[in-house]
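J.: Take this structure, written in structure tokens, and hold onto it; I'll ask about it next.
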Amino acid sequence: MKHSHITSSISTHRFLSTSSTDDDSEEDTYASRHRDNIIATAAVTNVDKEMEHQRIWRPDNNSSTTDTTLYWRENVIENAHSDPHNLVSLLNRIGNQELHGGRMRDRQNGVLHEDPAVDMRLLIEQYTVNSLASALRDREEMLQMASKLAAENKFELLKEFLIDCHPDVVLERRQRLRQLDLNEPFNFARLETIRKALMRMPRQVTMGHSRRAGVVIALVHVDGVPSLLLEKRSASLRAHPDEVCLPGGMYCKKGDRTIVETCLREMKEEIGGFDFDYHRETGVTNGISVLGILRCNWGEVHHLVGVAVTPVVCFFNQDVAELDLKPNPDEVAEVFTIPLSSLLEKKNWVYKDDHAPIFVGGPYAIWGLTGYILERFMKDILVPFTSRQHHPSSLDISRPGHFGDED
């Protein structure tokens, strides 16, 4: 479904501003006091009970004189809703009209997934040409048999013959195969689903790169809620100051034996308070499960940052709500978490020509390499193994000036 171009601009300052209501002024005292140290912090000291898993840690809230738990309340989009005529409100209004009008309801189930783009990609990447040709032949023979039964008025036999193709039966069968419910805590089966998905990703054929780095896609629990841990870089850093990134850093040829060792070494340097160990001699880990490598296109990654970056997916066994995380103030301004399910909400993504995807579902906008990696993790790992009933209804800004159900 295509729509006309919509021309508008969204103010970055509005997205990154703190809460503006008078009622919030007392709660945001912490942020205002430290305005000179960190630009436009989203940290507040008081939120509703259902938001208590949306945590932020800063270097100065770990001092002995300060015992304050910090949270973030509004994501980037929510922070822009004060203007009823802005682009976000307009797209939400149009989206609601489309959905309630019924034009978006009759979605097809596809072969493996409801989303046509995801369905095609899974078929291409996970099946050989011989398998697809055999399935096409079986389907053609099935259609010929169904047509013959209809021509002979044998409708009861036809109904029985086609029962497995009914949309409800297809969805029920598909739900049994999908084990990622991001509204529930991780268990062994869900972590194993992610591990197997990472192993099945197609290998990318790339040229060698002289500069390598690794980052951690850190899966954690916050009060039992599956979440992703991120950093906001210090404003004093020369490269990418005050931007959101994943923990990690440059590969050390002399000291690091593997890229996993690079990631975990850098993460310990950047964030204190985690209780995990990596034994370089044996590769054994304690307090952490290394699930695998997210195989990105190194050519695309190198184009974004000039370095071949390898994302390593890890699950940390401790609930971080119970930890006293200590960001390294020389490198990290804040450590915060976002619910993993927020990556599935299409309204939290903005796509622009010749730019990496931009995620706006947390306290700060996430773009560049980090936005690219998070979108790849969402599309390649989370979407194929989560059911639509677990995806919050949302609006897709699929292209600059376009929205709808096309990818």
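The values are calculated or read from the model by the stated rules, or taken from the named source; none is laboratory data. What you see is a predicted model, and the numbers here were worked out from it, not measured in a lab. We place every Cβ from the backbone using ideal geometry, glycine too, and count neighbours over all the protein chains shown. Areas reflect the complete protein model, heavy atoms only, side chains present, ligands, DNA and RNA absent. Shrake-Rupley method; radii C 1.70, N 1.55, O 1.52, S 1.80 Å.
J.: Calculate how large, on average over all directions, the projected area of the Cα convex hull of region 338-390 is; give the answer in nm² to one decimal. Intermediate values should be presented prior to the final figure.
T.: Values: hull surface 14.8 nm².
Its average projected convex-hull area is 3.7 nm².
J.: Give the ranking of His113, His166 by solvent-accessible surface, highest area first, calculated with a 1.4 Å probe.
T.: These residues rank, largest area first, as His166, His113.
J.: Could you work out the per residue convex hull volume over the alpha carbons of region 117-184, in cubic angstrom?
T.: On the way: hull volume 8.0 nm³, N = 68.
For region 117-184, the hull spanned by Cα atoms encloses 118 Å³ per residue.
J.: Ignoring ligands, DNA and RNA, please state the percent of accessible area on region 117-184 from carbon and sulfur, probe 1.4 Å.
T.: Roughly 57 percent of what the probe reaches on region 117-184 is carbon or sulfur.
J.: At a probe radius of 1.4 Å, what is the per-residue accessible area of Lys159, in Å² to the nearest 10?
T.: 140 Å²
J.: Under unit Cβ charges (Lys, Arg +1; Asp, Glu -1), what dipole magnitude, rounded to 20 debye, does region 117-184 have relative to its Cα centre?
T.: I would put it at about 120 debye.
J.: Filter the trypsin sites (Lys or Arg not before Pro) in region 216-281 down to the DSSP loop ones having no more than 13 other Cβ atoms within 10 Å, then list what survives.
T.: Those satisfying the criteria are Arg238, Lys253, Lys254, Arg257.
J.: Let me ask something else about it. Please list, or write none, the lysines whose alpha carbon is within less than 27 Å of the alpha carbon of Lys326, excluding same-chain residues fewer than 8 places away.
T.: Within reach: Lys49, Lys232, Lys268.
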